[in-house]
Every structure is written in C-alpha cells, then in structure tokens.
Amino acid sequence: MKNIIIGTAGHIDHGKTTLVRSLTGNNTDTLPEEMKRGISINLGFTYFDLPSGKRAGIVDVPGHERFIKNMIAGACGIDIALLIVAATEGVKPQTIEHADIISFLSIKEGLVVLTKCGLADEDMKELAAQDVKERLEGTFFEDKEIVMVDSVSGSGFDKLISKIDELAAKTEERNSKSAPRLNIDRVFTKKGFGAVVTGTLSEGKIGLNDELCIYHYGNDEVSAAKIKNIQVHEENRQIAYAGQRAALNLAGLKASELTRGDVLAAKDSVMRTNIADAQLTASKNTKINLKMWDRLRVYLGSKEIFARFVPLWDQDKEALLPGESCFCQLRFEEDVYVKKDDAFVVRRYSPMETIGGGKILDPLPKKRRKVNENDVASLSVKLQGSDSDVIDGILRKSKEPMTLKSLASLSSQNEKQAEDAVGKLISDDAVVVINNLYLHIDTIEDWRAKLIELVAGFHNKFGLKPGMIKEELRSKAALPLKSKEFDLLISIFCKDKTFKTFENIISLYSFEQKYNDAQQKIYDRIEKTYLDAKYTPPAKADVAKDRASLEVFDSMIKKTLIMLDDVNFLHIIHLDAAKDMIKKHMHQNGSLTIAELRDMTGSSRKYCLLILEYFDNRNFTRRDGEKRVLRASE
C-alpha cells in the first residue's frame, strides 16, 4: 500500500495544530511549554485514515521564525504540503518563508488551506484568497487549490479530506526496493527499551533485527545499529516501508550517543563528504545578493550545517541575485552524509533568513577555484542526469568496488535502472565487474600501476626468484578486495599480458630470470644432480650449501624443481614422466599401489608416497584404501 506523509506549514498562530487536531482528534503539542504558551515549538506527529483507506501520517511543524530549523527538519520526507493561512490575517512573513522552503524540498503535491473562516466574512475570505494568489506567485504554492475551513464548526473539512485523498492518489510511491535511509528528527529514551529514534523513511524498508548504520554528522565514526522494535502509527510492526513515519528502538546505543540530523541507513549507501557540487536557486522573495565565500546555514535532511558558498560562474559576475540560479560548491564546515539529488535549503548565517535552496549534483567533486566550460557542461549533464553519467561519476570518484545495490542507492535509481546504466558503461569499457562488484576503469588502471610497481620492485631486489607469492602481493598492495576478487583482478591483468602466473607465483609478463656465468654453472650443476638422481632426489641441503647455491636453488623452485615437501624436490621432467606412468597404469589396471609405483620408478617407498600425495593434493589422484585411483575428470 502507498504510504503518505502530510506536512503543515505556515505563520505562527494561523491554526496549524488546531487543523491537525480537527482532522485526527489528536493534539500534536505535547511539551509543557507548548501547552502553556499555545504555540508549537517542536515537531508534532500523528495520523488519520483517508476515505480511500490509505493511512496518512501528519507532521505538524512550528510556525515561529525562531523554530524554522525544526520546521525544515519536519518538512524532510513530506509527500503533500498544506500551507496554512488564516483568513483573518492573510499572508504573513513566515507564510512566505515556509512557502519558499517547501519549494526547495522536492515536494510534489500541496494545497493552501484558509483557516479561521468562521471569524471572517465573505469579503475578508475573498481578500485572503486573492492575497495568497498574488504573494505566493513563484513559489511551490503558486496555482495550488485553496480550500476554506473552520476548525471550530468543522466547515470545509469534508472537502479538505477529499482533496487530500485526491492528491494522495496522484502522489508517486516511494522506492521501497532501494537501500533504507531515515533522517532522524527525534531521539529519546523509553523506559525498559532504551534509545528510540523517529523519522520518515525516505526510501527502502527496515525490518526487525536488521543491522544498519548510524552516520553521525561532523564525525567520521559510524555506529552499528540493530533494530529491536518498530512502531508505525503507534502500532508494532515487523517492517517499516518508504513513506512511513517510524519509531525505531535501537539495540546497543544510548540516546546520548544520537542526535537529530544523524542518518540511519544501510552500510555504504550514503557518501561522507565535506564538499559538494550543487545547483542553487535564490528565492525571489529574498533581499540578499549571495556572494563568493558567504557563510550559510544549509539544511540537509533533518540537519543544520554551516557551509561556505563558492559559485561556479564567470569571473565578471559578482553575486547571485534574487530569483537566479547557479552551479556552486558548498564547502561544509563538518562532514555530511548525502546522495546525489538530495534537496537542501539555505539560510543566511546571521541574521537568519531563508535565501534559497537546491539539490546536490555531485557529492564527491574535486575542489574548484576557477570554473571552466567543461565543469559547467559536466554539471549540466548531472542536472539533467543520464543514469550512466551519474554512476560513472560515483565510481570514478569513489575508487572503491561497489555492489549494484549501493550504486542504485547512491545514484537515487532503482536497481533495474542502475543495472541498465552500468551495463552500458561495461559495454563502453568504462566499468569492469569483478565478482558482482563494479569498478571504474580509472581505478583499475590505478591498481594496475600500483601492482606493476610492487612486482617490478620485487624483481629488482630478487632477480633470480620467479616472482612474488600472490598473497604477499595482495597484502602489500592493500587493495579493498578479498582473495577471490584479487585472483579475478590478476586474471584480467594476465589476459592483457601485464602479468603471468605459475601456480601462486606472479611475475611481470616480460620478466625472465637471467643468470650470470657463475650462477649458470651452479644452475647446471643442480639440475644435472636432480636429473641423474631421477626418483631418489637429494635433499635441498645436500646440493645448496652456500648462499650463492641457495639463491640459484630458490630461483629453480616451481619451474625446474617441484616441491614434494619442505625439503624434498623432484625435477619437473621426472614428475611429468611419473604422471604419465601413473595415468597409463591406472587406465590399464584401474588403480595403483605404492609398491607398484616403486617398481615402476625404481625409487623408495618414501619418495613414491611423496609423489602420490603431491598428485592427491592437486586432484589428479585420490586415495582409496591402500590404493590410488584417478579422479573422475581424469
């Protein structure tokens, strides 16, 4: 079922809370000070059922200018905005400011509600409606329908509820398939339960016992959070879905460790940054000309953060004027957690006044001091937003392997869109997929250069060794890949002849071991010794008794001399011959004993056992009682 969140907005004392109480029967003012003063200070939450059967959550926001921060926190996640205007007073300063704020928060549907109509005559109501139409021009509420109500008599509420239901039917359903994200707008402790957070689930779904992360603003620490209990509309639920307000009991955290503005989300589904490219539009109602390096209050989700404004425009332009738009960078004074297309509102640092708002285009840009045509063109693409371009930008900047789910979440796409977009990038050779992890080709090339440097350094230091052990290379490279994924990366580099491998040894494709005259003599001597010994080879210590001999001996391992165990080696020619003998004998007789191999090779039981165990470990043979048989594939 589609989940709807309705939010109120409007000037103080224009009847927002009274309207909500008339719609739902619940009073959203719960603080003692709110009761005493008769004004809303904090956010209020309740719900009611629409005629269509949909249950709508309601966020009642404070109207006083001192509590605009609270108002914006509550407006985050609203589907339908109700701008409340008292018919007895008309449009007031906070009416316009709230209308501007709603305009910048990507809210799709809304109504203007004229309240206190029982205290106004027909002329006054007509004047108030005209005032709304004229003074809200250029805001989200321009041309929105006006519904007249009176909360005391109940007049107009049937029509209001019907109109809300119509808008609910038109509202686009939120994406419950993406990674979950909830901007926390309240934190408290409930006796017997512990820390509880509330907020609107903007995307995804959250289930009981889900393990998520708390991203703390201004702090690079990420806390683990397990969902112990879920309430939606005061009812216990197994799952909360996108578009629902939820109260979540978190295990393992104290309320003192949490604050409004923190983000509850899936691991790696939001980006931590202190700089973002954005499009910013100044309200036509502001009197501020926004200039380079002006300090701003930026409202993202349910958080207020300070930032500096860095416009990306021609050097000749001096300021962003009311009603104008521009590309800019926001240089945050603390780390923030965002995704592309996140909406934000900006207010003047002091005195506080709403200036405008916009949306994040790139959460991980490079710092720019001067703008050029390519920058503007790139941001224009991101604004228009081809799915492939967005994902290309995310992967290019992250330099980390990402899952399809993470890419979908960070790009604000569903998984099918992200899959199609990344498929195009793969076909264009811009993205490489390794074990269902996606990497930008730039990252792959950076990693290639790093690995080449490490292997080349090894060759320079140990010129007679065939190469680096694969796990040693993985450890020194410290790439964010598990062993299996690293193996797949190396296989890519082997296909294009960057590296070559022998068992678990990696070398540059062009590398060849080179011996000087003295080393070549030692090589020839050791090789002749093992060739002559056939299947009764000497131990390493018997043929490599000094440093020079040991160095040459080690260079022969895995190419000329094959390890049977830590001290016993067999020449590869003899090992290959033994393999052929074993295979031929088993095809004729079905099995082989140690004694039979001893007779065939003229060796001892000790070496025959070592040879058979070597082939057992490589899945050529397997033990069957006192005999060996071939593996099925042989």
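The values are calculated or read from the model by the stated rules, or taken from the named source; none is laboratory data. It should be emphasised that the depicted structure is a prediction, and the values quoted were computed from it without experimental measurement. Please note: Cβ atoms are built from the backbone with ideal geometry, for glycine as well, and neighbour counts cover all protein chains shown. Note: accessible area is taken over every heavy atom of the protein model, side chains too, but ligands, DNA and RNA are not part of it. Shrake-Rupley method; radii C 1.70, N 1.55, O 1.52, S 1.80 Å.
Numbers at a glance
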{"item": "Total residues in the range 555-600, condition more than 53 Å from the chain's Cα centre (by Cα) and of a type in the set (S, T, N, Q)", "result": "4"}
{"item": "Residue match in the range 116-132 (condition: open to solvent by less than 50 Å² (accessible area, probe 1.4 Å), in a loop (DSSP other than H, G, I, E, B), touching a strand residue (DSSP E or B) at 6+ places or on another chain (Cβ under 8 Å) and within 28 Å of GLY323 (Cα to Cα))", "result": "no"}
{"item": "Meets criteria (at positive phi and in contact (Cβ under 8 Å) with a residue 24 or more places away in the chain) for GLU503", "result": "yes"}
{"item": "ASP616 free of Cβ contacts under 8 Å to residues at least 12 places away in the same chain and either assigned to a loop (DSSP other than H, G, I, E, B) or surrounded by fewer than 19 Cβ atoms within 10 Å (Cβ to Cβ) (or both)", "result": "no"}
{"item": "Count of residues meeting criterion [open to solvent by less than 70 Å² (accessible area, probe 1.4 Å) and under 24 Å from LEU610 (Cα atoms)] in the range 497-535", "result": "9"}
{"item": "Pairs, first over 13 Å from CYS213 (Cβ atoms) in the range 256-267, second open to solvent by 70 Å² or more (accessible area, probe 1.4 Å), C-beta under 8 Å, six or more apart", "result": "ARG260/ARG186"}
{"item": "Index of the failed condition, ASP580 passing every other in (1) exposed (fewer than 13 other Cβ atoms within 10 Å of the Cβ); (2) of a type outside the set (Phe, Trp, Tyr); (3) at pLDDT 90 or above; (4) within 12 Å of TYR614 (Cβ to Cβ)", "result": "(4)"}
{"item": "Strands (runs of 3 or more DSSP E) wholly inside the range 246-302 that include at least 1 residues being open to solvent by 10 Å² or more (accessible area, probe 1.4 Å)", "result": "271-282, 295-300"}
{"item": "First in the range 560-588 and farther than 16 Å from ASP532 by Cβ, second anywhere and open to solvent by 10 Å² or more (accessible area, probe 1.4 Å) and part of a strand (DSSP E or B), Cβ under 6 Å, 6 or more apart", "result": "VAL567/ALA539; MET586/LEU630"}
{"item": "Filter result (open to solvent by 30 Å² or more (accessible area, probe 1.4 Å) and closer than 18 Å to LYS500 by Cβ) within the range 432-448", "result": "ARG448"}
{"item": "Residues within the range 302-325 that are touching a helix residue (DSSP H, G or I) at 6+ places or on another chain (Cβ under 9 Å) and under 15 Å from ALA276 (Cα atoms), tallied", "result": "1"}
{"item": "Residue list for the range 536-563, restricted to those being assigned to a loop (DSSP other than H, G, I, E, B) and either farther than 24 Å from LYS500 by Cα or open to solvent by 70 Å² or more (accessible area, probe 1.4 Å) (or both)", "result": "THR536, PRO537, PRO538, ALA544, LYS545, ASP546, LYS559"}
{"item": "Selection from the range 164-183 of residues that are of a type outside the set (D, E, K, R), at pLDDT 90 or above and out of contact with any Ser or Thr (no Cβ under 6 Å at 6 or more places or on another chain)", "result": "ILE164, LEU167, ALA168, ALA169, PRO180, LEU182"}
{"item": "Residue within the range 341-355 that is among the charged types (D, E, K, R), within 27 Å of the chain's Cα centre (by Cα), within 23 Å of ARG396 (Cα to Cα) and open to solvent by 10 Å² or more (accessible area, probe 1.4 Å) present", "result": "yes"}
{"item": "Residue within the range 312-324 that is open to solvent by 10 Å² or more (accessible area, probe 1.4 Å), in contact (Cβ under 8 Å) with a residue 60 or more places away in the chain and part of a strand (DSSP E or B) present", "result": "no"}
{"item": "Count of the range 141-150 residues which are over 24 Å from ASN285 (Cα atoms) and open to solvent by less than 30 Å² (accessible area, probe 1.4 Å)", "result": "3"}
{"item": "Hits in the range 229-245 (condition: at positive phi and open to solvent by 40 Å² or more (accessible area, probe 1.4 Å))", "result": "GLU234"}
{"item": "Residue list for the range 455-483, restricted to those being among the small types (Gly, Ala, Ser), in contact with a Ser or Thr (Cβ under 9 Å, 6 or more places away or on another chain) and open to solvent by 20 Å² or more (accessible area, probe 1.4 Å)", "result": "GLY463"}
{"item": "Strands (runs of 3 or more DSSP E) contained entirely in the range 187-237, each with at least 2 residues that are hydrophobic (A, V, I, L, M, F, W, C)", "result": "194-203, 211-215, 222-232"}
{"item": "Which numbered condition PRO480 fails, given (1) without any contact (Cβ under 8 Å) to a residue 60 or more places away in the chain; (2) farther than 16 Å from TYR509 by Cα; (3) not polar (S, T, N, Q)", "result": "(1)"}
{"item": "Looking only at the range 586-613, and only at residues there that are of a type in the set (Val, Ile, Thr) and in contact with a strand residue (DSSP E or B) (Cβ under 9 Å, 6 or more places away or on another chain), the one that is most open to solvent (accessible area, probe 1.4 Å)", "result": "THR593"}
{"item": "Residue in the range 20-30 that is at pLDDT 85 or above, part of a strand (DSSP E or B) and farther than 25 Å from LEU280 by Cα present", "result": "no"}
{"item": "Strands (runs of 3 or more DSSP E) (entirely within the range 41-106) containing at least 2 residues that are farther than 17 Å from ASN285 by Cα and at pLDDT below 85", "result": "44-49, 55-60"}
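A quick yes/no check of all residues on (1) surrounded by 18 or more Cβ atoms within 10 Å (Cβ to Cβ); (2) under 16 Å from SER256 (Cβ atoms):
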site: LEU167; (1), (2): yes, no
site: SER178; (1), (2): yes, no
site: LEU182; (1), (2): yes, no
site: VAL187; (1), (2): yes, yes
site: LYS190; (1), (2): no, yes
site: THR198; (1), (2): yes, no
